[in-house]
Amino acid sequence: MFNIDTYVNRRQELKKLVGEGVIILFGNNDSPVNYPANAYAPMRQDSSFLYYFGQHRDGLVGVIDIDNDEEWLFGDDIDVEDIVWMGFTPSVADLAAEVGVKKTAPMKELAKICTPDKKVHFLPPYRFDTKIQIMDLLGIHPNQQKEQASLKLIKAVVKMRATKEPQEIEAIERACEVGYMMHTTAQKLIRPGVTERYIGGQVDGIARSLAQGTSFATIFSQHGEIMHGNPSDAQLEAGRLALCDAGCELDDYCSDHTRTMPVNGKFSQRQLEIYSIVEACHDYAIEVAKPGVRYMDVHFAVCRLMTERLKELGLMKGDTDEAVRAGAHAMFLPHGLGHMMGMDVHDMEGLGQIYVGFDEETRPNLEQFGTNCLRMGRKLEEGFVITDEPGIYFIPQLIDEWKASGHCKEFLNFDKLETYKDFGGIRIEDDILITKDGCRFLGKQRIPYHPKDVEDFMAAK
């Protein structure tokens with residue numbers, strides 16, 4: 001938790017941006033695994049509630065009544081029976097005082113302030129218990145709540161949360177330090193015969209030991225061509241590549257890194273050829289990204305570089321600009337270059353990606369394969385934290401489909417692509433801060449990613 005002035009000032013700014021009505025920010029409740037007393041732990045508080053009200057306890061709702069200039073924290077104090085099982089918890093009034101909120105009331109009183117006759121602003125809900133609560137309060141059916149969420153509130157929250165305060169950047173840096181330990185541990189453990197699940201479990205254990213936990217489900221697989229390949233019981237095989245995409249959440253802020261390593265500790269020539277392209281794209285993004293530049297333009301600059309280098313290997317052909325316009329590069333890179341990051345690993349994505357990653361000038365292209373997965377396209381501003389995560393993947397089913405249909409055949413060498421179906425995939429990802437004049441990596445220590453550094457680090461284990 002930050003100091004009390006942080007939350008007071010944030011709520012004051014939110015009032016100015018929204019202007020009128022009642023803002024309601026729902027905290028989260030425990031999520032039962034299979035019965036109420038066996039909940040997923042630890043509970044993950046809603047990020048926007050945390051941003052403005054700072055408290056982690058379950059069963060809370062924050063209200064900002066702009067018209068009457070009042071702020072409330074609603075929730076029920078726990079009783080002795082709960083204390084027996086869970087320990088002492090401060091009263092709702094005490095929790096409110098810690099973040100500068102003067103008024104509190106039990107949850108049943110919420111309906112007296114948030115009534116259907118008032119202009120009530122709420123964010124798109126993503127949990128079913130919250131949807132039921134909104135229906136009870138405002139009479140809006142769950143299947144209509146996303147559409148009726150307040151666009152004014154969404155835009156205000158995005159505006160504020162997108163630009164990170166110095167204390168937020170420091171928190172992300174701390175999370176990146178734990179991320180360094182997670183990834184270097186994986187690099188030390190990788191060797192033939194070890195299971196994906198074992199290494200994934202060790203990575204998760206570090207996040208749980210040194211932070212609040214993982215910022216998303218750890219991806220660890222020797223099938224790097226599967227974007228979200230969770231660890232399986234498969235043993236690592238010599239000659240393959242292992243991809244680790246993992247991060248932690250610490251002090252309510254996230255890290256997110258990806259590294260790809262040779263299972264036997266040394267890249268083959270073919271692996272090195274592809275890896276060096278991803279490495280070059282990763283480093284080129286750092287050179288290009290700066291305030292005033294659209295991240296969509298950084299993405300396509302990387303795609304052109306990737307296309308040029310793949311042409312040198314004979315995997316692509318034809319005019320580079322035409323190939324990128326046609327989306328031929330998406331055979332290898334079917335996702336965007338990166339996304340916003342902060343309190344959420346895909347920061348604020350639940351508020352609507354069109355508001356988070358785009359602006360009035362830059363709109364998404366939802367029609368073209370690959371480009372439709374671009375999460376971040378808007379102009380960069382000082383204080384943004386984004387990921388830089390180019391990759392090259394050889395997806396057998398995608399190769400077969402495009403080959404059968406002749407899609408982008410003028411830009412792709414399908415005969416050579418056939419020989420890469422067993423390759424897997426490579427991704428390199430780091431978190432970057434947009435600064436006044438450019439950008440920089442976050443985290444004091446770089447997880448090894450240059451090929452020689454990776455090999456030397458793995459050899460030293």
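The values are calculated or read from the model by the stated rules, or taken from the named source; none is laboratory data. Nothing here was measured: the structure is a model prediction, and the numbers come from that model. As a convention, Cβ positions derive from the backbone with ideal geometry for all residues, glycine included, and neighbour counts pool all protein chains shown. Protein only, heavy atoms only, side chains kept; ligands, DNA and RNA dropped before computing areas. Shrake-Rupley method; radii C 1.70, N 1.55, O 1.52, S 1.80 Å.
Annotations
- Boolean, A162 is within 21 Å of the chain's Cα centre (by Cα) and closer than 20 Å to G352 by Cβ: yes
- Total residues in segment 72-109 satisfying the condition of being in a loop (DSSP other than H, G, I, E, B) and of a type in the set (F, W, Y): the figure is 1.
- Of the residues making up segment 411-435, those that are of a type in the set (V, I, T), touching a residue at least 24 places away in the same chain (Cβ under 8 Å) and either open to solvent by less than 10 Å² (accessible area, probe 1.4 Å) or within 25 Å of F220 (Cα to Cα) (or both) number 4.
- Residue in segment 395-410 that is under 30 Å from C248 (Cβ atoms) and open to solvent by less than 60 Å² (accessible area, probe 1.4 Å) present: yes
- Contacts under 7 angstrom Cβ, first residue in segment 11-29 being under 19 Å from L351 (Cβ atoms), partner open to solvent by 10 Å² or more (accessible area, probe 1.4 Å) and of a type in the set (K, R), 6 or more apart: L17/K159; V18/K152; G21/K118; G21/K119; V22/K118; V22/K119; N28/R44; N28/R127
- Residues that are β-branched (V, I, T) and not in a helix (DSSP H, G or I) were ranked within segment 1-57; the one that is most open to solvent (accessible area, probe 1.4 Å) is V33.
- Just one residue in the set M181, M135 is within 30 Å of R11 (Cβ to Cβ) and assigned to a helix (DSSP H, G or I); that residue is M135.
- Residues in segment 316-337 that are under 27 Å from the mean Cα position of the chain (by Cα) and aliphatic (A, V, I, L, M): V324, A328, A330, M331, L333, L337.
- Odd one out for Q167 among (1) at positive phi; (2) surrounded by fewer than 15 Cβ atoms within 10 Å (Cβ to Cβ): (1)
- Of all residues in segment 110-119, those satisfying the criterion of being open to solvent by 30 Å² or more (accessible area, probe 1.4 Å) and assigned to a loop (DSSP other than H, G, I, E, B) are P116, D117, K118, K119.
- Screening segment 147-159 for residues that are touching a Phe, Trp or Tyr at 6+ places or on another chain (Cβ under 9 Å) and closer than 14 Å to I354 by Cα and picking the one that is surrounded by the fewest Cβ atoms within 10 Å (Cβ to Cβ) gives L151.
- With respect to the conditions (1) within 21 Å of T258 (Cα to Cα); (2) in contact with an Asp or Glu (Cβ under 7 Å, 6 or more places away or on another chain), V356 lacks only one, and its number is (1).
- Flag for A285 being under 23 Å from R325 (Cα atoms), in contact with a Cys (Cβ under 6 Å, 6 or more places away or on another chain) and crowded, with 23+ Cβ neighbours inside 10 Å: no
- Residue ID - nearest to M182 (Cα to Cα), chosen from residues in segment 223-239 that are crowded, with 21+ Cβ neighbours inside 10 Å and in contact (Cβ under 8 Å) with a residue 60 or more places away in the chain: G224
- Unmet criterion (only one of (1) assigned to a loop (DSSP other than H, G, I, E, B); (2) surrounded by fewer than 18 Cβ atoms within 10 Å (Cβ to Cβ); (3) modelled with pLDDT under 95) for G383: (3)
- Condition met for G438 (closer than 21 Å to A280 by Cβ, among the small types (G, A, S) and surrounded by fewer than 20 Cβ atoms within 10 Å (Cβ to Cβ)): yes
- Residue match in segment 441-451 (condition: out of contact with any Cys (no Cβ under 9 Å at 6 or more places or on another chain), over 21 Å from H346 (Cβ atoms) and aromatic (F, W, Y)): yes
- Residues considered: K416, K379. Of these, the only one that is basic (K, R) and more than 25 Å from L442 (Cα to Cα) is K416.
- Test: residue in segment 357-375 that is of a type outside the set (S, T, Y), open to solvent by 20 Å² or more (accessible area, probe 1.4 Å), assigned to a strand (DSSP E or B) and farther than 20 Å from L305 by Cβ: no
- Out of S91, S31, sole residue that is within 29 Å of the chain's Cα centre (by Cα) and hydroxyl-bearing (S, T, Y): S31
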